[in-house]
Amino acid sequence: MKVLVTGANGQLGQDVTKVLAETGYQVIGCGRAELDITNMEQCRQVIFAYNPDIIIHCAAYTAVDAAESDTDGAYLVNAIGTRNVALSAEKLGATVVYISTDYVFNGNSKTTYVEYDDTDPQTIYGRSKLAGEQMIRDFCSKWFIVRTSWAFGLHGNNFVKTMLRLGQEKPQLKVVNDQKGSPTYTVDLAKFLLTLISTEKYGLYHASNSGSCTWYEFTQAIVEEARDQLGLEITAELLPCTTAEFPRPAPRPANSVMDHLSIRLNQLQDLPHWREGLKQFMLDMKQHPELYLK
């Protein structure tokens, strides 16, 4: 079985490529240099040349704040780029897995979001990713749309690494305590995608590590796990604060917690609790100390 991974040099793409390769799939990892998804003809040529059975589409414009002043750039990658991948896949009869986001919701719900709740994105990033979802629905016959949230992994920059670095550099850290979500270890997500592509249970899925927390609670757990698993003492004083104290160009959702209804209905194995994902991340980091502060 041949799988092409777009965005293969990104945080999720690297873990997806590794997990699939270790399981025996023939994996073609394409970064931006190998596959420019915004170029329709080049996208078609590259995908046709590899002739994959499955495409896991991780490539995305993910700079949430930058997108607010770069509407064209966000839609070019997340909507038009996804259309180009979808059309090429459909010509080959390939299955497509599209990685989407909790930002397709407005974040104001008092309850967790299920897959079939109405979307209402409040940011350019969220709207462009929802447009990508629609491209998959419009042009693909065999598809999985997988929404995830608060991703962190060994590769690239993310919240966990930032807190580890700042916690050692700063005397005090203020962390938002009125936004709630589900942190997701990219290895756990990659393993879920591995399970998903072995089925024909096509459709829309919410897939994050289970459980939920605020960013402040997540940071408290990061400090504890860094001490317990890495022997790393975070000296900064942690202080909870409000979203209003940290205005950003793109509004952040107060509630990003997604219910995994489709996982349950399709009788698939849910992802581990976020605390377990964080602990495993720290243990994996221990094997790769060069990645601590990158």
Region 207-229, residues that are among the hydroxyl-bearing types (S, T, Y) and either more than 17 Å from the chain's Cα centre (by Cα) or assigned to a loop (DSSP other than H, G, I, E, B) (or both) = S208, S212, T214, Y216, T219
Answer yes or no as to whether R252 is part of a loop (DSSP other than H, G, I, E, B) and either open to solvent by 10 Å² or more (accessible area, probe 1.4 Å) or within 14 Å of F152 (Cβ to Cβ) (or both).
-> yes
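Which is touching a helix residue (DSSP H, G or I) at 6+ places or on another chain (Cβ under 8 Å), in contact (Cβ under 8 Å) with a residue 40 or more places away in the chain and not in a helix (DSSP H, G or I), of Y98, Y125, Y103, Y75?
Result: Y98 is the single residue among Y98, Y125, Y103, Y75 that is touching a helix residue (DSSP H, G or I) at 6+ places or on another chain (Cβ under 8 Å), in contact (Cβ under 8 Å) with a residue 40 or more places away in the chain and not in a helix (DSSP H, G or I).
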Check region 134-141 and report whether any residue there is under 14 Å from the mean Cα position of the chain (by Cα) and outside any helix (DSSP H, G or I).
-> no
For the subset of region 214-249 comprising residues that are polar (S, T, N, Q) and over 20 Å from K180 (Cα atoms), which member is least open to solvent (accessible area, probe 1.4 Å)?
-> Q229
Of the candidates L204, L232, L268, the one satisfying the condition of being among the aliphatic types (A, V, I, L, M), in a loop (DSSP other than H, G, I, E, B), at pLDDT 95 or above and more than 18 Å from H155 (Cα to Cα) is L268
Does at least one position in region 172-194 carry a residue that is crowded, with 17+ Cβ neighbours inside 10 Å and among the aromatic types (F, W, Y)?
-> yes
Boolean, K91 is free of Cβ contacts under 8 Å to residues at least 60 places away in the same chain and touching a helix residue (DSSP H, G or I) at 6+ places or on another chain (Cβ under 8 Å) = yes
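The values are calculated or read from the model by the stated rules, or taken from the named source; none is laboratory data. The model shown is predicted, which means the values in this text are computed figures rather than measured ones. Cβ coordinates were reconstructed from backbone atoms using ideal geometry, including for glycine residues, and neighbour counts include every protein chain displayed. Surface areas here come from the heavy atoms of the whole protein model, side chains and all, with no ligands, DNA or RNA. Shrake-Rupley method; radii C 1.70, N 1.55, O 1.52, S 1.80 Å.
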